[in-house]
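Here is the structure we will look at.
Throughout, read-outs are computed from the coordinates displayed, never taken from laboratory work. Not measured: the values here are computed from a predicted model. Glycine also receives a Cβ, built like all others from the backbone with ideal geometry; neighbour counts cover every protein chain displayed.
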Amino acid sequence: MKSYYYILFILLFFTFRVASQDQTEDDVKVNAQLWLDYNIQSHFGESKSLNSYVGYRSITPNIYNNFLVVSTYNIANKKSLKLLKRDKPFINSYHLGARANYIANKDKKDDFEFRLMQGFKFYLPSIKEVPLMNYIRLEERFQKTFNTSGWDIGFRFRYKVSTVIDLDKHIFNFTSGFYIPLNVEFFFNLKKVDRFNDVIRVSPGIGYKLNDDWKFEFYVSYQNTQNTSENESTSNDFVFRLRIFKLNRKKNKTKQSKDEQIKELME
C-alpha cells in the first residue's frame with residue numbers, strides 16, 4: 001500500500017511536467033504550476049535547528065523553470081513574559097533565513113532573486129486537537145535580470161495560519177499514518193518587485209508520516225499573484241506540490257505527547 005502512494009506521487013509529477021507545452025506569456029491568466037522540494041532538518045542542542053530545502057518549480061504555459069535553495073535557522077523560545085502571566089511563552093520560536101532563486105526563462109533573459117527573512121511563530125487558543133500555528137515574517141527581496149546591471153529591491157510581510165488534522169485519530173501518540181495539513185497565507189507587499197508579488201495562497205493537502213525520520217506531503221493550492229514588469233498583470237495559479245521531508249529526529253529526545261507530535265508536523 002505504501003508503494004502505491006509513492007508511485008502515485010511520481011506519476012503526478014511527470015504528468016504535469018509533460019503537460020508543460022510551449023505557450024506565450026500572454027496566456028498566463030490562469031495556469032498550473034508543479035512544485036517539488038526535498039527538505040532536511042538538523043538540530044543544534046535542545047533549542048536550535050536548521051531547516052533547509054532545495055526545490056524545483058515549473059509552470060504551464062512553459063514560460064520558466066525555477067530552481068531554489070532555502071535555509072532557516074530556528075530558535076525555540078522557552079521564556080514567558082511575566083506581564084502575560086502565562087506558564088508557556090506566547091511566542092514559540094524565532095526564525096532567521098535566506099533564500100536564493102534562479103529563474104530560467106524561455107523567451108527572455110534569466111532572473112535571479114535573493115531574500116533575507118526574519119519571523120516568529122505562535123499558537124492561538126484553539127479547538128481541542130486542532131492547533132492553529134501562526135507564522136509572521138518580514139522579507140527583504142533583491143531581484144536581478146541578467147540583461148540589466150541594477151537590482152530591484154522590495155519588502156513584504158507574510159502571515160500564515162496552519163493546522164494539521166490526524167486522520168487515524170490516534171489517542172496517545174502519532175508515530176506514523178495519514179494526516180491533513182491545511183494552511184492559508186497572506187502577503188502584504190510594502191514595496192513590490194517586478195515579479196512574483198503573491199497576494200494569497202490557500203493550501204489543503206494530504207500527508208503521510210512513514211516513521212520518525214520521513215514524511216511526505218502533497219498539496220493542491222490556489223494562489224493569486226501580481227507582476228509589475230512591462231504590463232501589470234495578475235495570474236491565478238493552481239499549484240500541485242510534492243514535499244519530501246527527512247526529519248533527522250534528535251536521538252534521546254524526551255518522549256512527546258500526541259499534541260507535541262502533531263505540532264511537530266507543521267512548519
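So what's the net charge close to residue 92: Lys and Arg +1, Asp and Glu -1, counting the other residues with Cβ under 10 Å from its Cβ? Intermediate results must be reported in sequence, preceding the final value.
Working: positive: 78, 88, 121, 263; negative: none.
Result for the neighbourhood of residue 92: +4.
In this model, which of 160/192; 192/263; 106/246; 144/215 are farther than 24 Å apart at the alpha-carbon? It would help to have the intermediate numbers written out before the result.
Working: 160/192 19 Å; 192/263 33 Å; 106/246 33 Å; 144/215 35 Å.
Beyond 24 Å between Cα atoms: 192/263; 106/246; 144/215.
Amide H of residue 132: which non-local residues (sequence gap of 5 or more, or other chain) have their own amide H closer than 5 Å, using H built in the peptide plane?
124
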